[in-house]
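What follows is a short report on a single structure.
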Amino acid sequence: DAKTTQPPSMDCAEGRAANLPCNHSTISGNEYVYWYRQIHSQGPQYIIHGLKNNETNEMASLIITEDRKSSTLILPHATLRDTAVYYCIVRVINNDMRFGAGTRLTVKP
Amino acid sequence: DSGVTQTPKHLITATGQRVTLRCSPRSGDLSVYWYQQSLDQGLQFLIQYYNGEERAKGNILERFSAQQFPDLHSELNLSSLELGDSALYFCASSVRPSSLLQPYGYTFGSGTRLTVV
């Protein structure tokens with residue numbers, strides 16, 4: 001599976017959009033982009049995934065560039081409860097989910 | 001509640017001992033995955049089972065073993081415990097096989113916190 005690069009930490013003001021970038025320049029055509037988050041020491045929580053098209057669900061939006069070499073997870077109105085470590089993972093379906101260091105997002109009042 | 005049940009939630013044991021962690025996957029999920037998360041490390045993939053068979057191995061020590069039973073619950077056995085084995089152990093489950101139309105992700109349990117003293 002392709003390697004991903006994320007900034008180690010980011011801050012966001014409460015109520016503003018949080019935009020979390022992920023670089024996956026070596027992604028191949030059959031690899032999906034997944035986002036998970038881990039709040040404190042809880043189990044990681046699935047957020048969203050995509051292949052080529054932008055995706056949106058009740059939690060977030062995923063924007064994938066046309067060349068698929070990078071993506072951005074958008075939390076439209078961040079709350080204090082969104083403070084967590086966010087993981088971007090690229091994987092071929094049926095391969096194992098391998099987590100990197102992720103981005104520690106801190107939402108501030 | 002994610003639907004993945006892990007027991008016990010907390011476990012304290014002495015060095016050299018053996019423990020068993022249990023995981024019940026979400027209803028309908030055939031695959032179980034085990035992860036270890038230490039304080040100074042991220043989530044490390046240990047091992048995967050699908051419908052009772054081992055499918056993939058990650059950074060799992062020889063002192064550790066796992067199995068998945070016919071009812072699909074899984075157990076992770078940790079033996080000859082060392083202080084460095086203190087960590088959170090997570091179990092996740094998923095529906096397999098995935099397809100291009102349904103590239104399933106994982107559902108994680110709330111973990112077992114193991115403390116070796």
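Hey, how much of the P(r) for segment B:29-87 falls beyond 13 Å, as a percent of Cα pairs? Each step should come with its number before you reach the end.
Details: 1032 of 1711 pairs.
The share of Cα pairs beyond 13 Å in segment B:29-87 comes to 60 percent.
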Spatially proximal aspartates and glutamates relative to residue A:3 (Cα-Cα < 15 Å; intrachain offsets below 8 disregarded): A:31, A:96
At least 10 Å² accessible surface lost relative to isolated chain, residues of segment A:28-50 (1.4 Å probe): A:32, A:34, A:36, A:38, A:41, A:43, A:44, A:46, A:49
Partner chain coverage, peptide A:95-108 - average Cβ within 10 angstrom: 3
From phi via Karplus (6.51, -1.76, 1.60), per-residue ³J(HN,Hα) for segment B:80-89 in Hz, x at Gly/Pro: 6, 4, 10, 4, x, 7, 4, 5, 8, 10
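Take peptide B:107-114, look around each residue's Cβ out to 10 angstrom, count Cβ atoms belonging to other protein chains, and average those counts.
Values: counts 4, 8, 2, 3, 4, 0, 1, 0.
That average works out to 3.
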Accessible area buried between chains B and A, both sides summed, probe 1.4 Å, in Å² to nearest 100: 1700
Measure of compaction for chain B (Cα Rg per 2.2 N^0.38 Å): 1.03
Distance between segment A:41-93 and segment B:39-60 - C-alpha centres, whole angstrom: 23
Charge tally in the Cβ shell below 13 Å around residue A:23, where Lys, Arg are +1 and Asp, Glu are -1, residue A:23 excluded: +2
Residue among A:34, A:87, A:46 with the largest mean-square fluctuation in a Gaussian network model of chain A, springs linking Cα atoms under 10 Å: A:46
Kirkwood-based shape ratio for the protein assembly as shown, expressed as Rg/Rh from alpha carbons: 0.98
Gyration tensor (alpha-carbon) shape descriptor, chain A, a/c threshold 1.5: prolate
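Roll a 1.4 Å probe over the protein chains and send me the accessible area per residue for segment A:42-108 in Å². All intermediate terms of the calculation are to be shown ahead of the outcome.
Numbers: 3270 Å² over 67 residues.
Per-residue value: 49 Å².
May I ask you to give the percent of accessible area on segment B:10-102 that is carbon plus sulfur, with a probe radius of 1.4 Å? Provide the component values of the computation, followed by the final result.
Numbers: 2190 of 4600 Å².
On segment B:10-102, the fraction of accessible area on carbon and sulfur atoms equals 48 percent.
The values are calculated or read from the model by the stated rules, or taken from the named source; none is laboratory data. Treat the numbers as computed from the prediction; the structure is a model and nothing was measured. Cβ: placed from backbone, ideal geometry, glycine included. Neighbour counts: every protein chain shown. Keep in mind that these areas ignore ligands, DNA and RNA; they rest on the heavy atoms of the full protein, side chains included. Shrake-Rupley method; radii C 1.70, N 1.55, O 1.52, S 1.80 Å.
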